[in-house]
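Some notes on the structure that comes next.
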Amino acid sequence: LEKVLIHDEL
Amino acid sequence: MNIFRLAGDMTHLLSILVLLLKIYATKSCSGISRKTQELYAIVFVARYLDLFTDFISVYNTFMKVVFIASSLAIVWCMRFHPMVRRSYDRELDTFRHYFLVGASFALALILHEKFTVQEIFWAFSIYLEAVAILPQLVLLQRSGNVDNLTGQYIFFLGAYRAFYILNWIYRYLTEPHFTRWIACVSGVVQTALYADFFYYYFISWKNNSKLKLPA
């Protein structure tokens, strides 16, 4: 399953 | 990455550099809340658990490592450096910060994007960061006087938050599905906590006088 949550901010 | 986000990250980095400079140059941490610094160390360690599982960019990884390492180094200096630890305002830094940790974790268990260890720690770090400045603001209020570097440290921290809000507005307007309630609402709360400090900071800057907070 594809990971939908990507926290691209710091 | 937009210009506001970059400006936010840079002011965040600058705030840490100013704090390190103050500690290094004066061998003193007077006016700095160790409790706030410990909360930031917890915030970064809890949030960047994805350091080993998700690769976003070299920039992202580099900044995460810098934030974790610098926050741990600051806490280490304040606790163990023979000269720095002596200047710590222990009797002014009495905010019960464990309460903030507990409340943030409880909130993260209730409000999170997904019920996984990483996501709960991520939400916890967002909530904790929003309130982590409180012991620092209370310490400043109590001591009344704020030295230049401490004032600039908090100013840059507040600027970082303000730029992140502009970044979210920009992303909301330019990205089709940008909705991040947890980060945005917490971010607005966090920025609001600085409002009072900013007010007095600008007054002292306008009058070209030393920053003083009312008792």
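Each value in this text was obtained by applying a stated rule to the coordinates, not by laboratory testing. Here the structure is a predicted model, which is why all the values come from computation and not from measurement. In this analysis, Cβ positions are derived from the backbone assuming ideal geometry, glycine residues included, and neighbour counts consider all displayed protein chains.
Things to note:
- The number of residues in segment B:19-34 that are surrounded by 20 or more Cβ atoms within 10 Å (Cβ to Cβ) and on the phi < 0 side of the Ramachandran plot comes to 7.
- Residues in segment B:43-76 that are of a type in the set (V, I, T) and closer than 21 Å to B:G8 by Cβ: B:V43, B:V45, B:I56, B:V58, B:T61, B:V65, B:V66, B:I68, B:I74.
- Residue check for B:E113: without any contact (Cβ under 8 Å) to a residue 40 or more places away in the chain, farther than 24 Å from B:K22 by Cβ and within 14 Å of chain A (Cβ to nearest Cβ): no
- Test: residue in segment B:101-117 that is more than 18 Å from the chain's Cα centre (by Cα), under 25 Å from B:D9 (Cβ atoms) and assigned to a helix (DSSP H, G or I): yes
- Qualifying residue in segment B:47-69 (condition: assigned to a helix (DSSP H, G or I), touching a residue at least 24 places away in the same chain (Cβ under 8 Å), away from every other protein chain (no Cβ under 14 Å) and farther than 23 Å from B:R142 by Cα): no
- Some residue of segment B:170-177 being surrounded by fewer than 19 Cβ atoms within 10 Å (Cβ to Cβ), assigned to a loop (DSSP other than H, G, I, E, B), touching a residue at least 40 places away in the same chain (Cβ under 8 Å) and touching a helix residue (DSSP H, G or I) at 6+ places or on another chain (Cβ under 7 Å): no
- Failed condition for B:P82, given (1) in a helix (DSSP H, G or I); (2) surrounded by fewer than 17 Cβ atoms within 10 Å (Cβ to Cβ): (1)
- Against the list (1) part of a loop (DSSP other than H, G, I, E, B); (2) at negative phi, the condition B:N208 fails is (2).
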